[in-house]
1. How far is helix B:112-136 tilted off the main Cα axis of chain B, in degrees rounded to 10, range 0 to 90?
2. Starting from the Kirkwood radius over alpha-carbon pairs of the protein assembly as shown, derive D by Stokes-Einstein at 25 °C in a medium of 0.890 mPa s and give it in µm² s⁻¹.
3. Could you check which residue among A:LYS221, A:LYS32, A:LYS158 shows the biggest mean-square fluctuation in a GNM of chain A with a 10 Å Cα cutoff?
4. Average partner chain C-beta neighbours within 10 Å, per residue of B:182-191?
5. Ranking request for peptides A:106-114, A:135-143: highest mean number of other beta-carbon atoms within 10 Å first, then the rest in descending order.
6. Tell me, what is the Rg over Rh of region B:24-126, with Rh the Kirkwood radius over Cα pairs?
7. Residue by residue through B:6-12, how many Cβ atoms from other chains fall within 10 Å of the Cβ on average?
8. Report the semi-axes of the equivalent ellipsoid for chain B in whole Å, largest first, where each axis is √(5λ) for an eigenvalue λ of the Cα gyration tensor.
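Where a number appears in this text, it was derived from the coordinates with a stated rule and is not lab data. Since this is a predicted model, take the numbers as computed values, not measurements. Positions of Cβ are backbone-derived with ideal geometry, glycine not excepted, and every protein chain shown enters the neighbour counts.
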Amino acid sequence: MSENIKLFDTSRCTGCRGCQLACKQWNNLPAKQTVNWGSYQNPPTLQSNTYLIMRFQEKADANSVKWFFRHEACMHCTDAACVKACPTGALYYSEFKTVGKNIEKCIGCKDCVAACPFEVPKYDSGANKVLKCDMCESRIANKLEPACVKACPTGALKWGEKETMLKIANERVKELGGDAHVYGPQYVGGTHLAYILQEKDAVYAGLKIDPKVPLSVIAWKDWLKPLSLIAGGGVVVGSLLHYILHGPKRPDADVGQDNPAEGGK
Amino acid sequence: MPEKGMIKVTDGFERIVHWMLAGSCILLFITGLGMMYRELNFIGNLMGGLVALKYVHNFTGLLFIVSLVLAARMWWHEAGKFSMPEDLEWMMCAGGYLWHVEKVPEIGKYNPGQKMFFLTVIGCGALMGVTGLVMWFPVGLSLGFVRWMYPLHALGFVVFFAFFFVHLYLGTIGNPGTVMAMIDGWATKAWAKKQHPKWLKEMEESGKLEVYGEETKEAASH
Ligand code: HEM
């Protein structure tokens with residue numbers, strides 16, 4: 001299976017939110033009542049019933065107002081902290097190298113919520129499940145593009161073979177000039193959602209700067225997890241060797257009581 | 001069954017608390033391993049799935065915390081404080097466990113190794129309880145903080161799991177006769193003389209020693 005990625009070009013996005021709506025529709029995620037917090041960005045962050053949001057940012061200077069739009073969803077890391085953390089295999093690497101989810105297997109433990117460097121997975125207390133974008137696995141498995149890409153009217157979202165997409169991205173960055181750059185392939189083994197950003201990373205609200213698999217997850221799963229069995233096994237072997245080589249500590253035979261070697265039996 | 005002349009080394013409350021602590025701890029090991037290793041996920045099947053296994057783990061954790069508090073209060077006096085110089089001398093010769101020692105220094109009810117085990121259980125147990133509760137209810141806490149609870153919980157497990165086998169060995173075949181201290185509470189005098197000589201002397205001198213088939217001196221004087 002060829003490795004595909006989703007490419008989002010900030011310079012082509014008009015903030016229409018077609019992608020957000022298409023996502024809700026395809027995944028059957030009716031909206032909940034939200035509050036007006038003075039932004040078009042609604043809801044304010046990803047939620048268990050919103051796998052994808054359009055981030056809206058206004059930047060005003062003396063006589064102009066600038067808009068920044070950012071399509072935010074699961075980044076589908078190649079080296080995914082959530083997959084490492086998931087105790088049941090509910091989160092897994094799909095045959096397309098995206099991070100799939102098997103809802104049946106999810107036990108609502110929230111380990112992935114704490115592990116994700118992008119703060120993507122969200123817990124639904126009603127269902128006791130954690131939910132996130134699965135890159136429309138049922139669609140891509142049938143050679144369709146993800147619902148959000150399908151809905152995009154401007155070509156800001158593209159879905160295609162990884163190398164081709166990255167080539168397009170690099171060319172577009174040259175065209176745009178200035179601070180324009182690609183965000184994604186250089187992190188966590190390469191993300192399967194890549195951005196063409198016109199401005200520096202720090203300009204975008206909520207964008208993670210230099211995201212990594214958290215050290216805590218590495219210490220937990222790569223170091224301590226194997227160490228627990230090694231140390232336990234070492235002690236068991238050591239104890240048996242001790243018994244054979246040094247021998248147990250028996251009560252001395254010359255002390256008053258009968259049957260000393262049998263101790264309390 | 002105790003025989004005439006055997007001595008009482010633990011009371012019923014001590015044994016109940018010990019087995020509450022040990023039982024909850026071992027169940028936590030089993031259910032915890034069922035979550036730590038995907039290969040051991042099948043342990044969940046025995047309990048009706050991994051969701052149930054997680055409930056068993058979390059609620060057993062509560063029982064563990066209660067047992068831990070009881071154990072800490074109960075044994076603090078005997079196992080929480082080192083008594084010098086004999087404990088240091090005992091440690092210098094590793095209690096005679098590792099090489100041949102002519103005369104092992106006489107120590108009280110618990111030897112320094114047992115005291116270290118006790119203190120490790122209390123320390124790591126508290127760590128397990130706190131980190132476990134945060135992971136169970138991570139609401140309102142910063143992500144950076146919650147994240148570190150996982151490796152700390154795993155670190156506590158590494159220590160607990162290793163120490164458990166040391167304890168299991170030393171409490172059973174490594175020290176014949178010892179296991180009865182936690183089963184019916186009766187041991188031979190020879191065992192006590194070997195394992196806890198100073199305690200035996202103190203008990204005999206104070207007349208508190210309970211000997212099977214005899215009345216304690218204290219009781220007799222009433
Ligand atoms: C099947 C497993 C176990 C067996 C056979 C066992 C056996 C024993 C025995 C015989 C003693 C008394 C030692 C003496 O009086 O010299 C003891 C004490 C003790 N046990 Fe266990 N135990 C087991 C599991 C555990 C576990 C899992 C824990 C901890 C969570 C634990 C914590 C303690 C503590 C704190 C003491 C007090 C004295 C000391 O520090 O050694 N035990 N155990």
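1. Taking Cα atoms only, the helix is inclined about 20 degrees.
2. The Stokes-Einstein estimate is 91 µm²/s.
3. Checking each option, the largest mean-square fluctuation is seen for A:LYS32.
4. Numbers: counts 0, 1, 1, 1, 1, 5, 12, 6, 15, 10.
So the per-residue partner count for this stretch is 5.
5. Working: A:106-114: 22.9, A:135-143: 16.6.
Taking the mean over residues of other Cβ atoms within 10 Å, the ranking is A:106-114, A:135-143.
6. 1.17
7. The shielding value for this peptide is 1.
8. Semi-axes from the Cα gyration tensor: 38, 20, 17 Å.
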